[in-house]
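Right, one structure below, let's go through it.
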Amino acid sequence: MVKTTEAKQVCRAASTLVYPELDFDIKLCGKYTREDFLEVLSRIAFDQEFANTGGKTHQLDHNEPVDITSTARNSLAKSLLYHLRNLEADAIDEQFDGVRDDLFEVLRKRRLLPSCVDVAIDLHEWRFYGTADTDHVLTTYPDQGTTRTYCFATLCIVTPGTRFTLAVLPLEENGFRAKREAVRTLLETAQQYISLRHVYLDRGFYQVHVVAELEQLGVDYIVRARPSKGMKDRLSAGAETVVDDYLMQRKRKPTASAPVMIFVVPHRSEEDEHVWFVTNLEIAPEAARAYAAAFRRRWGIETSYRQIGDFLPRTSSPTFSVRLFYFLFAVALYNLWVLANVLVTEGAIPGKPPISTRIFREFVLLTDYG
């Protein structure tokens, strides 16, 4: 059982890894302070609210005069967004890289980082309702009333107990080139902090150029496949599993090919359906189901997406620097929530973390942002 005092101390200690790293380039003559901005950011992150609401509640809590009925933008929120809009993307990345460095330094010192971990790469879409020609906005499948989105490729550790989001990269365009570049960049970043065992990728990355990039990087991978007719023809009537050599090819320019191994196992819940994978691992037929079960651990990344959403402010801003800062801030808070649970359980996090995101919020909001 985790005591309240201990949980509070751990949460507040974890939060100190992020707040000192953040800088908004506030001038000495500015009306609002860095601490004002940090408190508003925390409020809107934990409440999934707009900056305007966060600015008003902050001023109300500090007994400052504020017109809560006004439709005009709150002056504190306006100032925060002004400073975020004027930050360069590289400067934002650098700040949150510092948060990640501090996080992994804590893990290393406490020997809480496994010697070798599995990771998953996936895409996080943040839907957008403005014009299609907005910078960094991509067109994708319709969902939530729009086909426009900001898209972030993420790499997450999916080893139980250490499900940190290790790297984030915004996608500049659709297509295999962007995905191939994202895979390379994310894995090169990850290898600075951890030793990789397996890399899991969903069907969105099932492209020969991406697989060829994985081969070039020399990592062990499993990719969920979209089966071609040639692959399906290998599944004879009544067969439950198949393991076979296969050559992925793209015959249109730019051409590419990659020799892989395919394996297929029965779907867990849909009768007469199968799930297909490609890999560079040597897999015996009797081990195919075990590898498919290991791949299912990548769904930890889907859980992390939902929990990152517990820390993501709302915004209608079309400015990329605002979106980037908000998303990286949400990832940082998510990682610190995981860290708090790792610390309080000494690395043995049960199926249900002892500190919920809601409790983490209550303890962090008590933090002295100075």
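The values are calculated or read from the model by the stated rules, or taken from the named source; none is laboratory data. Just so it is clear, the structure is predicted and the values come from calculations on it, not from any experiment. Glycine also receives a Cβ, built like all others from the backbone with ideal geometry; neighbour counts cover every protein chain displayed.
Tally time: how many residues in region 25-38 are buried (at least 17 other Cβ atoms within 10 Å of the Cβ) and either over 26 Å from Thr53 (Cβ atoms) or under 23 Å from the mean Cα position of the chain (by Cα) (or both)?
Just the residues of region 25-38 that are buried (at least 17 other Cβ atoms within 10 Å of the Cβ), to begin with: 32, 34, 36-38.
The next check asks that each one be either over 26 Å from Thr53 (Cβ atoms) or under 23 Å from the mean Cα position of the chain (by Cα) (or both); those that pass are 38.
Looking only at that region, the number is 1.
Selection of first residues in region 90-108 that are aromatic (Phe, Trp, Tyr) and of second residues that are in a helix (DSSP H, G or I), restricted to Cβ pairs under 8 Å at least 6 apart or on distinct chains, gives the following pairs, ordered by first then second residue: Phe96/Glu21; Phe96/Leu328; Phe96/Phe329; Phe96/Val331; Phe96/Ala332.
Considering region 91-110, and only residues there that are more than 21 Å from the chain's Cα centre (by Cα) and in a helix (DSSP H, G or I), the residue that is surrounded by the most Cβ atoms within 10 Å (Cβ to Cβ) turns out to be Arg108.
For (1) of a type in the set (A, V, I, L, M); (2) in contact with an Asp or Glu (Cβ under 9 Å, 6 or more places away or on another chain); (3) at negative phi, each residue gets a yes or a no:
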residue: Leu81; (1), (2), (3): yes, no, yes
residue: Asp90; (1), (2), (3): no, no, yes
residue: Glu105; (1), (2), (3): no, no, yes
residue: Ala132; (1), (2), (3): yes, no, yes
residue: Leu138; (1), (2), (3): yes, yes, yes
residue: Leu169; (1), (2), (3): yes, yes, yes
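Among Ser257, Ser316, which is modelled with pLDDT under 95, touching a helix residue (DSSP H, G or I) at 6+ places or on another chain (Cβ under 9 Å) and surrounded by fewer than 16 Cβ atoms within 10 Å (Cβ to Cβ)?
Numbers: Ser316 fails: touching a helix residue (DSSP H, G or I) at 6+ places or on another chain (Cβ under 9 Å).
Matching residue, one of Ser257, Ser316: Ser257.
Checked against (1) surrounded by 15 or more Cβ atoms within 10 Å (Cβ to Cβ); (2) closer than 20 Å to Ile121 by Cα; (3) at pLDDT below 90, Arg250 passes all but condition (2). The residue that is farthest from Arg289 (Cα to Cα), counting only those in region 248-277 that are β-branched (Val, Ile, Thr) and outside any loop (DSSP other than H, G, I, E, B), is Val260.
Taken over region 133-146, the residue count meeting the criterion of being surrounded by 14 or more Cβ atoms within 10 Å (Cβ to Cβ) and assigned to a strand (DSSP E or B) is 3.
Taking region 1-90 and the helices (runs of 4 or more DSSP H) fully enclosed by it, the elements with 1 or more residues that are in contact with a Leu (Cβ under 6 Å, 6 or more places away or on another chain) are at 4-15, 34-47, 51-61. Which one is nearest to Val223 (Cα to Cα) among residues in region 111-132 that are assigned to a loop (DSSP other than H, G, I, E, B) and modelled with pLDDT of 90 or more? Per the stated criteria, the residue is Cys116. All of (1) assigned to a helix (DSSP H, G or I); (2) surrounded by fewer than 22 Cβ atoms within 10 Å (Cβ to Cβ); (3) among the polar types (S, T, N, Q) hold for Asn341 with one exception: (2).
Before we move on, is Lys56 closer than 22 Å to Thr165 by Cα and free of Cβ contacts under 8 Å to residues at least 40 places away in the same chain? Outline the logic, then answer.
On the way: closer than 22 Å to Thr165 by Cα: no; free of Cβ contacts under 8 Å to residues at least 40 places away in the same chain: yes.
Here the answer is no, as Lys56 does not meet what is asked.
For beta carbons closer than 8 Å, sequence separation of 6+ or different chains, a first residue in region 1-29 that is within 20 Å of Glu94 (Cβ to Cβ) and a second that is of a type in the set (Asp, Glu), the qualifying pairs are Leu17/Asp102; Glu21/Asp102.
For region 187-209, a residue qualifies if it is in contact (Cβ under 8 Å) with a residue 60 or more places away in the chain, over 22 Å from Arg250 (Cβ atoms) and buried (at least 16 other Cβ atoms within 10 Å of the Cβ), and the qualifying residues are Ala190, Tyr193, Ile194, Leu196, His198, Tyr200.
In region 151-186, of all residues being more than 27 Å from Val342 (Cβ to Cβ) and in contact with a Ser or Thr (Cβ under 9 Å, 6 or more places away or on another chain), the one that is modelled with the lowest pLDDT corresponds to Asn174.
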